[in-house]
1. For the range 261-356, list the strands (runs of 3 or more DSSP E) that sit wholly inside it and hold at least 2 residues that are buried (at least 24 other Cβ atoms within 10 Å of the Cβ) and in the same structural domain as Leu229 (by TED's automatic domain parsing); which are they?
2. Suppose the filter is at pLDDT 90 or above, in contact with a Ser or Thr (Cβ under 7 Å, 6 or more places away or on another chain), charged (D, E, K, R) and surrounded by fewer than 22 Cβ atoms within 10 Å (Cβ to Cβ); does Glu10 pass it?
3. If you go through the range 357-365 one residue at a time, do you hit one that is of a type in the set (Lys, Arg), part of a helix (DSSP H, G or I) and either at pLDDT below 95 or crowded, with 24+ Cβ neighbours inside 10 Å (or both)?
4. Here is a check on your reading of the model: is Val123 surrounded by 15 or more Cβ atoms within 10 Å (Cβ to Cβ), of a type outside the set (Phe, Trp, Tyr) and over 25 Å from Leu375 (Cα atoms)?
5. Of the residues in the range 299-315, how many are within 23 Å of Ile228 (Cα to Cα), touching a residue at least 40 places away in the same chain (Cβ under 8 Å) and in contact with a Ser or Thr (Cβ under 7 Å, 6 or more places away or on another chain)?
6. What pairs can you find where one residue is in the range 23-38 and outside the structural domain of Trp86 (by TED's automatic domain parsing), the other is in a loop (DSSP other than H, G, I, E, B), and their Cβ atoms are less than 8 Å apart, with a gap of 6+ or different chains?
Amino acid sequence: MNVWHIVTSEYPPDVGGVSDYTRHVAEGLAGSGDAVHVWCPITEARREASRVVVHPELGRFRPTDLRRLSSGLDTFPTPRRLLVQWVPHGFGYRSMNLWFCFWLATRARRGDRVELMMHEAFVEIKRGPMRHVFMALVHRVMTLVLMGAASRVWVSIPAWELLLRPYALGRQVPIGWLPIPGCIGSQASVTVPSIRRNYVADSEVLLGHFGSYGREVSVLLEGRLVEILNGDSRPSLLLIGAGSEAFRDDLIRRHAAWAERLHAAGFVPSAELGAYIDACDIFLQPYPDGVTSRRTSTMACLAQGRPVVTTSGHLTEPLWSSTGAVVLADVSDARAFALAVVGLLGDREERSRIGWRGQRLYQERFTVSHVVDTLRATERRADVEMASCA
(Lines give C-alpha, C1' and ligand atoms only; values in the text may rest on other atoms or scores of the structure.)
Protein backbone atom coordinates (compact mmCIF):
# COMPACT_ATOMS: atom_id res chain seq x y z
CA MET A 1 0.00 0.00 0.00
CA ASN A 2 1.30 3.43 -0.93
CA VAL A 3 1.58 6.03 1.83
CA TRP A 4 1.28 9.65 0.70
CA HIS A 5 2.20 12.77 2.63
CA ILE A 6 0.64 15.69 0.77
CA VAL A 7 1.97 19.09 1.83
CA THR A 8 -0.28 21.98 0.79
CA SER A 9 -0.79 25.65 1.55
CA GLU A 10 -4.58 25.28 1.61
CA TYR A 11 -7.13 22.54 2.14
CA PRO A 12 -10.91 22.54 2.68
CA PRO A 13 -12.71 24.21 4.30
CA ASP A 14 -10.27 26.83 2.94
CA VAL A 15 -11.48 28.14 -0.41
CA GLY A 16 -9.21 28.09 -3.46
CA GLY A 17 -8.18 26.17 -6.55
CA VAL A 18 -5.27 24.43 -4.83
CA SER A 19 -7.55 23.52 -1.92
CA ASP A 20 -10.16 21.90 -4.18
CA TYR A 21 -7.52 20.14 -6.29
CA THR A 22 -5.70 18.74 -3.27
CA ARG A 23 -8.91 17.44 -1.70
CA HIS A 24 -10.00 15.65 -4.87
CA VAL A 25 -6.58 14.07 -5.41
CA ALA A 26 -6.27 13.07 -1.75
CA GLU A 27 -9.74 11.52 -1.72
CA GLY A 28 -9.01 9.79 -5.03
CA LEU A 29 -5.80 8.24 -3.72
CA ALA A 30 -7.51 7.17 -0.50
CA GLY A 31 -10.40 5.71 -2.50
CA SER A 32 -7.88 3.60 -4.43
CA GLY A 33 -6.67 2.00 -1.22
CA ASP A 34 -3.67 4.19 -0.40
CA ALA A 35 -2.97 5.77 2.98
CA VAL A 36 -3.12 9.55 2.61
CA HIS A 37 -1.95 12.18 5.10
CA VAL A 38 -2.49 15.85 4.30
CA TRP A 39 -0.30 18.42 6.06
CA CYS A 40 -1.83 21.88 5.89
CA PRO A 41 -2.32 25.14 7.83
CA ILE A 42 -4.28 25.23 11.04
CA THR A 43 -8.02 25.77 10.76
CA GLU A 44 -10.69 25.61 13.43
CA ALA A 45 -13.52 24.73 11.05
CA ARG A 46 -14.93 21.20 11.16
CA ARG A 47 -13.93 18.82 8.41
CA GLU A 48 -16.15 16.20 6.83
CA ALA A 49 -15.59 12.54 7.64
CA SER A 50 -13.01 11.11 5.27
CA ARG A 51 -10.45 8.37 4.84
CA VAL A 52 -7.86 11.11 4.40
CA VAL A 53 -6.00 11.97 7.62
CA VAL A 54 -5.59 15.74 7.94
CA HIS A 55 -2.74 17.18 10.03
CA PRO A 56 -3.20 20.94 10.54
CA GLU A 57 0.43 21.48 11.53
CA LEU A 58 1.67 24.09 9.06
CA GLY A 59 0.51 27.20 10.88
CA ARG A 60 1.87 30.26 9.09
CA PHE A 61 4.79 28.37 7.50
CA ARG A 62 7.30 29.84 9.95
CA PRO A 63 10.49 27.96 10.95
CA THR A 64 8.81 26.91 14.21
CA ASP A 65 5.86 25.55 12.25
CA LEU A 66 8.18 23.64 9.93
CA ARG A 67 9.98 22.09 12.90
CA ARG A 68 6.60 20.93 14.23
CA LEU A 69 5.80 19.50 10.80
CA SER A 70 9.12 17.63 10.76
CA SER A 71 8.36 16.12 14.15
CA GLY A 72 5.02 14.89 12.85
CA LEU A 73 6.50 13.41 9.69
CA ASP A 74 9.28 11.68 11.62
CA THR A 75 6.71 9.51 13.40
CA PHE A 76 6.10 7.72 10.10
CA PRO A 77 8.41 5.04 8.68
CA THR A 78 10.87 5.81 5.91
CA PRO A 79 11.01 6.22 2.99
CA ARG A 80 8.44 9.02 3.20
CA ARG A 81 6.94 10.39 -0.01
CA LEU A 82 6.14 14.09 0.15
CA LEU A 83 3.86 15.37 -2.61
CA VAL A 84 4.11 19.15 -2.36
CA GLN A 85 1.41 21.34 -3.93
CA TRP A 86 3.55 24.28 -5.00
CA VAL A 87 2.41 27.80 -5.78
CA PRO A 88 5.00 30.48 -4.94
CA HIS A 89 2.42 32.79 -3.36
CA GLY A 90 0.83 30.07 -1.25
CA PHE A 91 3.29 29.71 1.62
CA GLY A 92 3.27 33.16 3.13
CA TYR A 93 6.14 35.61 3.57
CA ARG A 94 4.68 37.67 0.71
CA SER A 95 5.34 34.74 -1.66
CA MET A 96 9.04 34.63 -0.73
CA ASN A 97 9.22 31.81 1.80
CA LEU A 98 12.79 30.62 1.36
CA TRP A 99 12.54 28.90 4.75
CA PHE A 100 10.02 26.44 3.34
CA CYS A 101 12.21 25.67 0.32
CA PHE A 102 15.28 25.06 2.50
CA TRP A 103 13.16 22.88 4.78
CA LEU A 104 12.21 20.69 1.79
CA ALA A 105 15.86 20.46 0.78
CA THR A 106 16.70 19.30 4.30
CA ARG A 107 13.97 16.68 4.19
CA ALA A 108 15.35 15.40 0.87
CA ARG A 109 18.88 15.14 2.31
CA ARG A 110 17.47 13.14 5.23
CA GLY A 111 15.99 10.59 2.82
CA ASP A 112 12.46 11.78 2.12
CA ARG A 113 11.34 11.53 -1.49
CA VAL A 114 10.14 14.99 -2.49
CA GLU A 115 7.76 15.33 -5.43
CA LEU A 116 6.60 18.76 -6.55
CA MET A 117 3.26 19.49 -8.17
CA MET A 118 4.01 22.86 -9.79
CA HIS A 119 0.69 24.61 -10.19
CA GLU A 120 2.61 27.76 -11.10
CA ALA A 121 6.29 28.45 -11.73
CA PHE A 122 7.43 32.00 -10.93
CA VAL A 123 6.43 35.52 -11.81
CA GLU A 124 7.94 37.19 -14.82
CA ILE A 125 10.73 39.73 -14.54
CA LYS A 126 9.37 42.85 -16.18
CA ARG A 127 9.30 46.58 -15.76
CA GLY A 128 7.41 47.72 -12.70
CA PRO A 129 7.87 48.41 -9.00
CA MET A 130 11.21 47.26 -7.64
CA ARG A 131 9.45 45.06 -5.07
CA HIS A 132 8.00 43.00 -7.94
CA VAL A 133 11.41 42.64 -9.56
CA PHE A 134 12.87 41.58 -6.21
CA MET A 135 10.04 39.06 -5.75
CA ALA A 136 10.68 37.60 -9.21
CA LEU A 137 14.37 37.17 -8.38
CA VAL A 138 13.60 35.50 -5.05
CA HIS A 139 11.17 33.16 -6.85
CA ARG A 140 14.04 32.00 -9.01
CA VAL A 141 16.24 31.31 -5.99
CA MET A 142 13.36 29.34 -4.48
CA THR A 143 13.03 27.37 -7.72
CA LEU A 144 16.74 26.49 -7.67
CA VAL A 145 16.39 25.11 -4.14
CA LEU A 146 13.20 23.21 -4.97
CA MET A 147 14.58 21.65 -8.13
CA GLY A 148 17.64 20.56 -6.19
CA ALA A 149 15.45 18.84 -3.60
CA ALA A 150 12.97 17.17 -5.95
CA SER A 151 13.14 13.56 -7.06
CA ARG A 152 10.27 14.21 -9.49
CA VAL A 153 8.38 17.25 -10.71
CA TRP A 154 4.84 17.44 -12.03
CA VAL A 155 3.69 20.47 -14.01
CA SER A 156 0.16 21.74 -14.58
CA ILE A 157 0.99 22.80 -18.16
CA PRO A 158 3.80 21.62 -20.48
CA ALA A 159 5.16 25.18 -20.80
CA TRP A 160 6.38 25.07 -17.20
CA GLU A 161 8.91 22.34 -18.05
CA LEU A 162 10.79 24.71 -20.38
CA LEU A 163 10.94 27.29 -17.59
CA LEU A 164 11.94 24.85 -14.86
CA ARG A 165 14.49 22.61 -16.59
CA PRO A 166 17.40 25.10 -16.44
CA TYR A 167 16.96 25.40 -12.66
CA ALA A 168 17.79 21.71 -12.24
CA LEU A 169 21.39 22.68 -13.10
CA GLY A 170 21.97 19.58 -15.18
CA ARG A 171 20.22 17.10 -12.84
CA GLN A 172 17.99 14.78 -14.84
CA VAL A 173 14.92 15.33 -12.72
CA PRO A 174 11.88 13.61 -14.27
CA ILE A 175 9.28 16.22 -15.22
CA GLY A 176 5.80 15.09 -16.20
CA TRP A 177 2.57 16.78 -17.20
CA LEU A 178 -0.27 16.31 -14.72
CA PRO A 179 -3.26 18.41 -15.85
CA ILE A 180 -5.63 20.03 -13.37
CA PRO A 181 -9.15 18.55 -13.31
CA GLY A 182 -12.34 20.52 -12.79
CA CYS A 183 -13.17 20.01 -9.14
CA ILE A 184 -16.95 19.69 -8.97
CA GLY A 185 -18.96 17.91 -6.30
CA SER A 186 -21.92 15.64 -6.96
CA GLN A 187 -24.47 16.33 -4.21
CA ALA A 188 -26.23 19.50 -5.31
CA SER A 189 -29.19 20.72 -3.27
CA VAL A 190 -30.40 22.90 -6.17
CA THR A 191 -31.67 21.99 -9.62
CA VAL A 192 -30.85 23.46 -13.01
CA PRO A 193 -34.47 24.54 -13.73
CA SER A 194 -34.70 26.35 -10.40
CA ILE A 195 -31.45 28.19 -11.09
CA ARG A 196 -32.49 29.23 -14.60
CA ARG A 197 -35.85 30.50 -13.37
CA ASN A 198 -33.99 33.05 -11.28
CA TYR A 199 -32.31 34.60 -14.31
CA VAL A 200 -34.00 33.88 -17.67
CA ALA A 201 -37.17 32.61 -19.30
CA ASP A 202 -37.22 29.00 -20.52
CA SER A 203 -36.50 29.83 -24.16
CA GLU A 204 -33.73 32.37 -23.56
CA VAL A 205 -30.00 31.70 -23.82
CA LEU A 206 -28.02 32.30 -20.65
CA LEU A 207 -24.35 33.12 -21.01
CA GLY A 208 -21.97 32.28 -18.18
CA HIS A 209 -18.55 33.14 -16.84
CA PHE A 210 -16.87 31.20 -14.02
CA GLY A 211 -13.79 32.62 -12.36
CA SER A 212 -12.25 34.65 -9.54
CA TYR A 213 -12.55 38.07 -11.24
CA GLY A 214 -8.96 39.17 -11.07
CA ARG A 215 -8.16 42.39 -12.85
CA GLU A 216 -6.57 40.97 -16.01
CA VAL A 217 -9.37 38.53 -16.81
CA SER A 218 -12.07 41.04 -15.84
CA VAL A 219 -10.68 43.63 -18.26
CA LEU A 220 -10.63 41.08 -21.07
CA LEU A 221 -14.15 39.93 -20.31
CA GLU A 222 -15.63 43.43 -20.18
CA GLY A 223 -14.00 44.36 -23.48
CA ARG A 224 -15.69 41.40 -25.16
CA LEU A 225 -19.06 41.86 -23.49
CA VAL A 226 -19.67 45.25 -25.09
CA GLU A 227 -20.42 43.87 -28.55
CA ILE A 228 -22.17 40.77 -27.19
CA LEU A 229 -24.57 42.40 -24.74
CA ASN A 230 -25.24 45.45 -26.93
CA GLY A 231 -26.13 43.27 -29.93
CA ASP A 232 -29.56 42.45 -31.26
CA SER A 233 -29.79 39.16 -29.32
CA ARG A 234 -29.57 40.96 -25.95
CA PRO A 235 -28.59 37.83 -23.98
CA SER A 236 -28.32 37.58 -20.21
CA LEU A 237 -25.11 36.76 -18.37
CA LEU A 238 -24.61 34.85 -15.11
CA LEU A 239 -21.32 35.52 -13.31
CA ILE A 240 -20.26 32.62 -11.07
CA GLY A 241 -17.57 32.64 -8.40
CA ALA A 242 -16.24 34.68 -5.51
CA GLY A 243 -15.99 38.33 -6.50
CA SER A 244 -18.76 38.10 -9.09
CA GLU A 245 -21.11 40.45 -7.22
CA ALA A 246 -18.55 43.25 -7.06
CA PHE A 247 -17.68 42.77 -10.73
CA ARG A 248 -21.36 42.89 -11.71
CA ASP A 249 -21.82 46.12 -9.77
CA ASP A 250 -18.79 47.66 -11.48
CA LEU A 251 -20.14 46.69 -14.89
CA ILE A 252 -23.55 48.18 -14.17
CA ARG A 253 -21.95 51.48 -13.11
CA ARG A 254 -20.28 51.67 -16.51
CA HIS A 255 -23.05 50.03 -18.57
CA ALA A 256 -26.37 50.88 -16.98
CA ALA A 257 -28.32 49.39 -19.90
CA TRP A 258 -27.12 45.92 -18.92
CA ALA A 259 -28.52 46.05 -15.40
CA GLU A 260 -31.55 43.78 -15.98
CA ARG A 261 -29.48 41.15 -17.79
CA LEU A 262 -26.41 40.94 -15.54
CA HIS A 263 -26.58 38.44 -12.67
CA ALA A 264 -24.07 37.24 -10.09
CA ALA A 265 -24.24 33.99 -8.11
CA GLY A 266 -21.28 34.80 -5.86
CA PHE A 267 -19.26 31.97 -4.37
CA VAL A 268 -20.88 28.61 -5.16
CA PRO A 269 -19.92 25.53 -3.08
CA SER A 270 -18.32 22.68 -4.98
CA ALA A 271 -21.37 20.46 -4.46
CA GLU A 272 -23.65 22.95 -6.23
CA LEU A 273 -21.22 24.22 -8.84
CA GLY A 274 -22.14 21.62 -11.45
CA ALA A 275 -25.80 22.66 -11.40
CA TYR A 276 -24.91 26.34 -11.85
CA ILE A 277 -22.63 25.52 -14.77
CA ASP A 278 -25.29 23.30 -16.36
CA ALA A 279 -27.74 26.22 -16.12
CA CYS A 280 -25.69 28.25 -18.63
CA ASP A 281 -25.74 27.67 -22.38
CA ILE A 282 -22.36 29.16 -23.38
CA PHE A 283 -19.35 30.07 -21.27
CA LEU A 284 -17.13 33.09 -21.94
CA GLN A 285 -13.67 32.33 -20.55
CA PRO A 286 -10.96 34.75 -21.81
CA TYR A 287 -7.42 34.54 -20.34
CA PRO A 288 -4.51 36.94 -20.94
CA ASP A 289 -2.01 34.12 -21.56
CA GLY A 290 -4.56 31.89 -23.31
CA VAL A 291 -6.51 28.86 -22.20
CA THR A 292 -4.35 26.09 -20.70
CA SER A 293 -4.86 22.80 -18.90
CA ARG A 294 -4.34 24.50 -15.51
CA ARG A 295 -7.45 26.70 -15.91
CA THR A 296 -9.80 24.97 -13.48
CA SER A 297 -12.65 27.30 -14.42
CA THR A 298 -12.61 26.05 -18.01
CA MET A 299 -12.04 22.47 -16.87
CA ALA A 300 -15.20 22.65 -14.78
CA CYS A 301 -17.20 23.81 -17.81
CA LEU A 302 -15.79 21.03 -20.00
CA ALA A 303 -16.54 18.42 -17.34
CA GLN A 304 -20.20 19.44 -17.51
CA GLY A 305 -20.31 19.41 -21.32
CA ARG A 306 -20.81 23.17 -21.66
CA PRO A 307 -19.50 24.91 -24.81
CA VAL A 308 -16.68 27.35 -24.06
CA VAL A 309 -15.48 30.35 -26.05
CA THR A 310 -11.99 31.26 -24.90
CA THR A 311 -8.69 32.82 -25.98
CA SER A 312 -5.48 31.44 -27.43
CA GLY A 313 -2.23 32.87 -26.14
CA HIS A 314 1.45 32.10 -25.67
CA LEU A 315 0.79 29.33 -23.11
CA THR A 316 -2.07 27.62 -24.94
CA GLU A 317 -1.38 23.96 -25.71
CA PRO A 318 -1.93 22.64 -29.28
CA LEU A 319 -4.62 20.19 -28.14
CA TRP A 320 -7.19 22.97 -27.81
CA SER A 321 -7.19 23.73 -31.52
CA SER A 322 -6.56 20.16 -32.71
CA THR A 323 -9.52 18.67 -30.81
CA GLY A 324 -12.06 21.44 -31.34
CA ALA A 325 -12.96 21.11 -27.65
CA VAL A 326 -13.43 24.87 -27.32
CA VAL A 327 -13.96 27.83 -29.62
CA LEU A 328 -10.70 29.80 -29.82
CA ALA A 329 -10.10 33.45 -30.61
CA ASP A 330 -6.70 35.12 -30.39
CA VAL A 331 -6.35 37.02 -27.13
CA SER A 332 -5.66 40.21 -29.10
CA ASP A 333 -8.85 39.93 -31.17
CA ALA A 334 -11.84 40.94 -29.04
CA ARG A 335 -14.13 41.20 -32.05
CA ALA A 336 -13.46 37.62 -33.18
CA PHE A 337 -14.30 36.44 -29.66
CA ALA A 338 -17.55 38.40 -29.62
CA LEU A 339 -18.55 37.20 -33.09
CA ALA A 340 -17.95 33.58 -32.07
CA VAL A 341 -20.29 33.99 -29.11
CA VAL A 342 -22.95 35.75 -31.17
CA GLY A 343 -22.77 32.99 -33.78
CA LEU A 344 -23.42 30.35 -31.11
CA LEU A 345 -26.38 32.17 -29.58
CA GLY A 346 -28.70 31.01 -32.35
CA ASP A 347 -27.08 27.64 -33.10
CA ARG A 348 -28.15 25.06 -30.53
CA GLU A 349 -26.74 22.14 -32.53
CA GLU A 350 -23.28 23.67 -32.78
CA ARG A 351 -23.33 24.39 -29.06
CA SER A 352 -24.11 20.72 -28.44
CA ARG A 353 -21.28 19.56 -30.71
CA ILE A 354 -18.72 21.78 -29.03
CA GLY A 355 -19.91 20.77 -25.57
CA TRP A 356 -19.70 17.09 -26.51
CA ARG A 357 -16.15 17.43 -27.88
CA GLY A 358 -15.06 19.29 -24.76
CA GLN A 359 -16.53 16.73 -22.42
CA ARG A 360 -14.94 13.87 -24.38
CA LEU A 361 -11.51 15.52 -24.16
CA TYR A 362 -11.99 16.08 -20.45
CA GLN A 363 -12.93 12.44 -19.84
CA GLU A 364 -9.94 11.22 -21.83
CA ARG A 365 -7.27 13.51 -20.37
CA PHE A 366 -8.28 15.55 -17.35
CA THR A 367 -10.38 13.63 -14.82
CA VAL A 368 -9.33 13.13 -11.20
CA SER A 369 -9.11 9.40 -11.87
CA HIS A 370 -6.57 10.12 -14.61
CA VAL A 371 -4.46 12.13 -12.15
CA VAL A 372 -4.70 9.43 -9.48
CA ASP A 373 -3.84 6.62 -11.92
CA THR A 374 -0.80 8.54 -13.16
CA LEU A 375 0.48 9.20 -9.64
CA ARG A 376 -0.05 5.62 -8.49
CA ALA A 377 1.58 4.13 -11.61
CA THR A 378 4.62 6.33 -11.04
CA GLU A 379 4.83 5.25 -7.41
CA ARG A 380 4.73 1.58 -8.43
CA ARG A 381 7.63 2.15 -10.80
CA ALA A 382 9.52 4.00 -8.07
CA ASP A 383 8.98 1.08 -5.67
CA VAL A 384 10.39 -1.35 -8.21
CA GLU A 385 13.42 0.90 -8.80
CA MET A 386 14.05 1.26 -5.06
CA ALA A 387 13.76 -2.50 -4.55
CA SER A 388 16.23 -3.20 -7.38
CA CYS A 389 18.74 -0.79 -5.83
CA ALA A 390 18.41 -2.29 -2.35
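1. By residue number, 282-285, 308-312.
2. no
3. yes
4. yes
5. 1
6. none
Residues checked against (1) surrounded by 15 or more Cβ atoms within 10 Å (Cβ to Cβ); (2) without any contact (Cβ under 8 Å) to a residue 24 or more places away in the chain; (3) assigned by TED's automatic domain parsing to the domain that holds His132; (4) more than 24 Å from Ile157 (Cβ to Cβ):
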| position | (1), (2), (3), (4) |
| --- | --- |
| Gly17 | yes, no, yes, no |
| Thr43 | no, no, yes, yes |
| Phe76 | no, no, yes, yes |
| Arg110 | no, yes, yes, yes |
| Leu116 | yes, no, yes, no |
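The values are calculated or read from the model by the stated rules, or taken from the named source; none is laboratory data. Keep in mind it's a predicted model, so treat the numbers as computed, not measured. Cβ: placed from backbone, ideal geometry, glycine included. Neighbour counts: every protein chain shown.
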